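Asker: Below is the structure I would like to discuss, written out as structure tokens.
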Amino acid sequence: MKKLTAFLLFAAVFHSLPAWPQTAGKEKYNEPYRLQEHFSPTAHWINDPNGMVYFNHTYHLFYQYFPGGINWGPMHWGHAVSRDMVHWKELPVALYPDSLGYIFSGSAVVDSGNTSGFGRNGKIPLVAIFTHHDPKGEKAGRNDFQNQSLAYSLNEGKSWTKYAGNPVLKNPGIRDFRDPKVMWFAPAHKWVMTLATKDRVSFYSSPDLKNWKKESEFGKDAGAHGGVWECPDLFALKLNGKTYWVLIVNVNPGGPNGGSATQYFVGGFDGIKFRQLDNKIRWVDYGPDEYAGVTWSNTGSRKIFLGWMSNWTYANQLPTTKWRNAMTIPRELSLEKVDGGIMLRSLPVKEFARLGQKREPLSGAELDGKVKKGVPAQYLLKLRTQSAHSYSVTVSNGSERLVFGYDRSANRYYIDRSMSGKTGFNPEFGKIAYAPRLSKTLAGDVELVVDNSSIEVFADHGLTVMTATFFPRKPYSRLQINGQKGQFPEVIIIPLKSIWYQIDQNGLRLKPEHIRNK
């Protein structure tokens, strides 16, 4: 992705550093606002997750990356790996811009059958499929400056070779022609590419990843169209033994709370066409700060989603100075039948629980509108409630606060960051974000992951999800829960360990228990 002209016009906005504690030696990953439970690179700009693939017990995360600064610039593919999707090791840049253009978003697959012919001496190739974006062609006013290309690796992603025949899918004259997400469609023994093409997606098929044929289009008259469609994904999920297909499409702008967001459709796919079950607009995440979300490939029946934790409305203006933007927590997706419709649920992957420390149950006396002090900067808060009364959860540092709550009269959740700290870098940042409660029967659970400068809310067992960032002048250390007496029979705080440790001049070194095969 994207946003060349508009974002090159944005100047960086710098603010004085807040009084955040620093460790001795000012080690990496301890700067103000640095997230401790989410992946971010050591330094510089990132946006979309790309090329996510699981291979040989390793989760590969590639991402849109500009190694030249903290604002958007010529796009590369950064690279990080993990054995558990929790602890990450940052690797050298995987793909650099070349004569065909910048390296925009895309996907990666394990070509176990060597359909591409890239495999050698029994080595299975990893194949990256990405958009080449030609800035010269865009500047010249042409419409064919985005094309799809390949690169392959025979050493498990350590190095990559770009295909000499690039591009493999040439632009037919569409300005927005990008973000290929490729999967193997076993019933027809072919690869299927889902491609964002302006205000819709187009499906292509190929026997070998090199030669592509257009099959169909979807979306001209479906879904949200407040902006251009980007970063699509198509995958199957089972519910009660029946297979459904989920089509994810990111849209910018046009999200439920302004700016960029991730929508989804549920339906059927026969290898040629996608047909949705209904015409409702649904969102993977209703918060202001999740975008470009897609899933890992080659994970079997598990479908694991990751998004960029930011919003194009203000992404270039956030008050960080060494690094800018991060990824969400990896989330496992499933389907649920709700009030006659099929909806998507998402919850933190089970591996995330490894970060939990000693659980601290809170009593009703502690919660009755009182402020609990000394709360850690990173924790998981679990609320169990059996009533649908309004309530609020406030995290603060005494003078600045962020509020999550449920408004029964409007039947919706909300995140209010208008008084959360630094908000003046963009007029949209301080607005209240809302999300509907999608089930008529309250499931009775809400989980909040709070991490230095972000909050992720999983309400009704992941049926409604909200993600938001915030930038207080000093860390939040207070918690207050307001609701009706006896509304919360169980409230638990679980402090979370940082994912960054054993750091030296070479970056993150994983402890042995996190690098063995899972």
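Laboratory data are not the source of any read-out in this text; all were calculated from the coordinates shown. Keep in mind the model is a prediction, meaning the values are calculated, not measured. Neighbour counts run over all protein chains shown; Cβ positions are idealised from the backbone, glycine included.
Asker: What FRET efficiency do you get for S99 and K198 if R0 is 22 Å and r is their Cβ-Cβ distance, rounded to the nearest 0.05?
Answerer: Details: r = 26 Å, r/R0 = 1.17.
The calculated FRET efficiency here is 0.30.
Asker: Expressed as a whole number of Å, what is the distance separating the alpha-carbon centroids of segment 182-252 and segment 430-489?
Answerer: Each part reduced to its Cα centre gives a spacing of 32 Å.
Asker: Need one word for segment 43-348: rounded, prolate or oblate. Basis is the Cα gyration tensor (sqrt eigenvalues a ≥ b ≥ c); a/c below 1.5 gives rounded, then a/b vs b/c decides. Let's see the in-between values first.
Answerer: Details: a/c = 1.23, a/b = 1.09, b/c = 1.13.
Rounded is the answer for segment 43-348, as its axis ratio a/c remains below 1.5.
Asker: Would you mind checking which residues have amide H under 5 Å from L95's amide H? H placed 1.01 Å from N; only 5 or more apart, or other chain.
Answerer: W77
Asker: Would you kindly derive the ³J(HN,Hα) couplings of segment 225-235 from the backbone phi angles with the Karplus curve 6.51 cos²θ - 1.76 cosθ + 1.60 (θ = phi - 60°), listing them in order in whole Hz, with x for Gly and Pro?
Answerer: Whole-Hz 3J(HN,Hα) from phi for segment 225-235: 10, x, x, 6, 7, 9, 6, x, 7, 9, 7.
Asker: Given Cα pairs under 8 Å that are at least 6 residues apart, what percent is the relative contact order of segment 43-348?
Answerer: Details: 824 pairs, mean separation 41.2, N = 306.
Relative contact order for segment 43-348 comes out at 13 percent.
Asker: Can you give me the long-range amide H partners of R401? Hydrogens built in the peptide plane at 1.01 Å from N, cutoff under 5 Å, separation of 5 or more residues or another chain.
Answerer: Long-range HN contacts for R401: M419, S420, G421.
Asker: Quick one: which residues, 5 or more positions from F55 or on another chain, have an amide H under 5 Å from its amide H? H modelled 1.01 Å from N in the peptide plane, none for Pro or chain starts.
Answerer: H60
Asker: I need the fraction of alpha carbon pairs in segment 308-428 separated by more than 18 Å, rounded to a whole percent. Please list the in-between numbers first.
Answerer: Values: 5164 of 7260 pairs.
Percentage above 18 Å: 71.
Asker: Moving on to the next point. For the chain, what does the relative contact order come out to in percent, with C-alpha contacts under 8 Å and a separation of six or more?
Answerer: Details: 1374 pairs, mean separation 75.3, N = 518.
The normalised contact order for the chain reaches 15 percent.
Asker: Using helices alone, what [θ] at 222 nm do you get for the chain, with -39,500 (n - 2.57) per DSSP H run of 4 or more residues, divided over all residues and rounded to the nearest 500?
Answerer: Details: 3 runs with 14 residues, N = 518.
Helix-only estimate at 222 nm: -500 deg cm²/dmol.
Asker: Give me the base-10 log of I(q)/I(0) for segment 23-166 at each q in 0.10, 0.13, 0.16 Å⁻¹, Debye formula, one uniform scatterer per Cα, rounded to two decimals.
Answerer: For segment 23-166, the Cα-only Debye profile gives -0.38, -0.62, -0.88.
Asker: Just want to confirm a number: the relative contact order over segment 143-268, from Cα pairs under 8 angstrom separated by 6+ residues, in percent.
Answerer: Working: 278 pairs, mean separation 20.1, N = 126.
For segment 143-268, the relative contact order is 16 percent.
Asker: Sorted from fewest to most neighbouring beta carbons within 10 Å, what does the list D221, D84 look like?
Answerer: On the way: D221 9, D84 21.
Ranking D221, D84 by Cβ neighbours within 10 Å, fewest first, gives D221, D84.
Asker: Please list 3J(HN,Hα) in residue order for segment 33-44, calculated via the Karplus relation 6.51 cos²θ - 1.76 cosθ + 1.60 where θ = phi - 60°; whole Hz, with x for glycine and proline.
Answerer: Once θ is set to phi - 60°, the couplings for segment 33-44 become 6, 4, 6, 9, 10, 10, 6, 8, x, 3, 7, 5 Hz.
Asker: Using 0.36 nm per residue, how much length does the chain from R384 to N143 gain when fully extended, once their Cα-Cα distance is taken away?
Answerer: Values: separation 241, 0.36 × 241 = 86.76 nm, distance 5.31 nm.
This chain segment gains 81.4 nm when fully extended.
Asker: Given just the C-alpha atoms of segment 356-495, how large is their convex hull per residue in cubic angstrom?
Answerer: Values: hull volume 14.0 nm³, N = 140.
Residue-normalised Cα hull volume stands at 100 Å³.
Asker: Convert each backbone phi in segment 238-252 into a coupling constant with the Karplus relation 6.51 cos²θ - 1.76 cosθ + 1.60 (shift: θ = phi - 60°), then list the ³J(HN,Hα) values in order as whole Hz, x for Gly and Pro.
Answerer: 9, 9, 6, x, 9, 8, 10, 10, 10, 10, 9, 9, 8, 10, 8
Asker: Would you mind pulling out the separation of the Cα centroids of segment 107-172 and segment 332-403, in Å?
Answerer: Answer, in whole Å: 42.
Asker: Quick one: length gained pulling R478 to A353 fully straight, 0.36 nm per residue minus the C-alpha distance?
Answerer: On the way: separation 125, 0.36 × 125 = 45.00 nm, distance 2.28 nm.
The R478-A353 span can extend by a further 42.7 nm.
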